[in-house]
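Read the structure below first, then the notes.
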Amino acid sequence: MRLPLFNFSLDFLQRGIDSWFDVRVEEALSDSLELSKASLEERMNDLVNEVRQQAQELVQTTDSLAALKLNELRLNSHASELTLYHYSGHIIASSTVNTKQLIPFVLKDKTVTKARKGLPDVGLIPFTGNEQGNIRIRIAVPVASQDPVAEGRILQALYPVSPRMNNLAATVQTAFSKYNELSYLRKPLKYSFILTLSLVLMLSILSAIWAAFFYARHLVAPVTNLVKGTLAVAKGDYNIRLPLPGNDDLGNLVRSFNDMMHQLAMARESAEMSQRQLESSHSYLQGVLANLTSGVLTLDTHHNLITSNITASQIFAVDLTQYIDKELEAIVDDHTFLYLFLDAIKPHLESSDKQWTEEITLFAKEGRQVIMCRGTTLPDGGFVIVFDDITLSLQSQRNAAWGEVARRLAHEIKNPLTPIQLSAERLRHKYLNTMPAEDAEVLERSTNTIVQQVETLKQMVKAFSDYARMPAVELKTIDLNLLINEVLDLYQNTKTNIQIITQLDTTMPHIEADINRMRQLLTNLIKNALEAMEDQTEGELTITTECAKKAACHYVELRIKDTGPGIPADMFSTLFEPYITSKPKGSGLGLAIVKKIVEEHGGVLWAENNLSVLNTAVPAHSDNPAGATIFIRLPVISIKNKKTAETSTNPLKIMHKGNNNAAA
């Protein structure tokens, strides 16, 4: 509505202002001004002729008489002032009506220039006197001279314009000037009116907008309050309450919002109370876990470590708090000896067994470690793993059990051995010479058999006694290669059909061990290997030592390989247990003693059958092997490089893959 009114007002103003400046009015004023100029020019032409006549009369007049002549000429004409000048501007004489004016009108340069050319100079000059008007006609003409050498003269006359003509000319000139001024200001006048109308329009529009915002704000105030309430809720403030705007739809909405805030506040209080209870329970659980003698680990569905207690870190000798919210593989990457632990529990985790139990053997830097591990699947899909270090307990139980068996057997067998041997020898001495040759031969053979078996039983009793009461280990720094050479010196010429080969690593570091126990270990293993090949026409015993890890020697590995019949597949599970042997004359304690010595030194022991030359695919537990190899790994004095080892070069992984019957 306002825009059409604005356009109409703007068009009206432009048309009205344009009508003020009619072309005919401008032409009339211009013609009047031209008419005044034409009248004055006609008057000036008449006066020029009159001044020329006066100049002719001054030709014969000398400079000294010029004043009288000028006064006479002025009185006979209508001039208000007559002045005679030299070309240099020097006033010769002057006559004027105004007696108060002492100095006549100054001669202009252009007047002199025209006079030298013989031309008159005509113009209008303003005049401030009040006697005869404000405009004067100035006429200057050259005065001829009889003396060509004399300086030329100029006659200048001032004639007044009549007051009526003066007023009319002034009126026309003033009106024309004002008209031109208004005509020049026509566009600015339009712009000023347009600006005024625009300002009025803008003020009216702004007023309308302000009124619209005012009423809109009043109408949307409940919605604004709802927005503020929503922002407060987003920041966690559930205690905000909005004022009710009325009983309309917005009022019902605000009322519902307040009810919702009340319910949310109650729910948050309940959640905070539950959180406090949960934190209290968590603190209680942490206290319980911290004082458990068993290690406890909790994992999420992705096998990430969630919690662990102090005992778990102590059992593994690893700070598990650094691996919270990390996968188990991250722990194993930093501590390679835990690969066996991960390999043992991973199948249970992936199969989501409800409850499971696993005995795991680790080979940490301190030595062999047996872990009894139990796991449970949680309702949310996570896992709880509880484990105990039973290394010492298991070793003590086994040593105590087998020691007790050895003591009892030695006691039960040793007592009747001497009487049996003495009785057999007495029978032979008493009846051997009195009996017939045939009977004497039977008696000799029988008594010799009895004596030989008694000697065998004595050796067995001695082995039982040695196993039952092994002295404490005295660790010293020894060179394993040197000890092997010393032991082999005892077997150099005993078996001509068996070749002994040594492949000893000269760069291998020393180990800490009991030299007597290690000598006993080597003697038993070499003896077993030689006895396994005694029925062969040609045999080969190979003894090898090397570092189990070339980059940084963590473990010393000893391998004793023979070309005998190998180990029966059904004996691998009990090979290193006491009283287990495949030899008819063996006591079954040799490998058990070897295993016990290895365990006392923190090492690990296992056996494998060699691959057949004809069939390289023969497994380690084949019934048709090409001999057997005993593997022993012992820790070196110090482990300088503890960086992560790859799975393929980890000695524990090799042992686990090569033989599941390693000594535990």
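The values are calculated or read from the model by the stated rules, or taken from the named source; none is laboratory data. Please read these numbers as outputs of a predicted model, since none were measured by experiment. Methodologically, a virtual Cβ is constructed for each residue, glycine included, from the backbone with ideal geometry; neighbour enumeration extends over all protein chains shown.
Test residue 69 against the stated conditions and say whether it is among the basic types (Lys, Arg) and surrounded by 14 or more Cβ atoms within 10 Å (Cβ to Cβ).
Here the answer is yes, as residue 69 does meet what is asked.
Just checking, which of 95, 88 is modelled with pLDDT of 75 or more, assigned by TED's automatic domain parsing to the domain that holds residue 46 and part of a strand (DSSP E or B)?
Every option except 95 fails the conditions.
Of everything in the range 59-69, what is modelled with pLDDT under 85 and not in a loop (DSSP other than H, G, I, E, B)? Give them in sequence order.
Hits for the range 59-69 are 66, 67, 69.
Out of (1) modelled with pLDDT of 85 or more; (2) out of contact with any helix residue (DSSP H, G or I) (no Cβ under 6 Å at 6 or more places or on another chain); (3) in a strand (DSSP E or B), the odd one out for residue 344 is which?
Only one criterion is unmet by residue 344, namely (3).
Can you report the number of residues in the range 497-510 which are in a strand (DSSP E or B) and either outside the structural domain of residue 480 (by TED's automatic domain parsing) or at pLDDT below 90 (or both)?
3
Quick grid of which residues meet (1) small (Gly, Ala, Ser); (2) modelled with pLDDT under 80; (3) not in a helix (DSSP H, G or I):
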residue	(1), (2), (3)
137	no, no, yes
142	no, no, yes
149	no, yes, yes
157	yes, no, yes
176	no, yes, no
187	no, yes, no
192	yes, yes, no
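Identify, from the list 293, 298, the residue that is in contact with a strand residue (DSSP E or B) (Cβ under 8 Å, 6 or more places away or on another chain) and farther than 23 Å from residue 380 by Cβ.
That would be 293, the only listed residue that is in contact with a strand residue (DSSP E or B) (Cβ under 8 Å, 6 or more places away or on another chain) and farther than 23 Å from residue 380 by Cβ.
Does the range 344-364 contain any residue that is touching a Pro at 6+ places or on another chain (Cβ under 8 Å), crowded, with 17+ Cβ neighbours inside 10 Å and touching a residue at least 12 places away in the same chain (Cβ under 8 Å)?
yes
Can residue 420 be described as modelled with pLDDT of 80 or more, farther than 30 Å from residue 604 by Cα and not in a strand (DSSP E or B)?
Criteria met by residue 420.
Before we move on, is residue 541 surrounded by 15 or more Cβ atoms within 10 Å (Cβ to Cβ), of a type in the set (A, V, I, L, M), assigned to a helix (DSSP H, G or I) and modelled with pLDDT of 85 or more?
no
Of all residues in the range 561-576, which are within 22 Å of residue 539 (Cβ to Cβ) and either β-branched (Val, Ile, Thr) or touching a Phe, Trp or Tyr at 6+ places or on another chain (Cβ under 6 Å) (or both)?
Once the filter is applied, which keeps residues that are within 22 Å of residue 539 (Cβ to Cβ) and either β-branched (Val, Ile, Thr) or touching a Phe, Trp or Tyr at 6+ places or on another chain (Cβ under 6 Å) (or both), the range 561-576 yields 563, 567.
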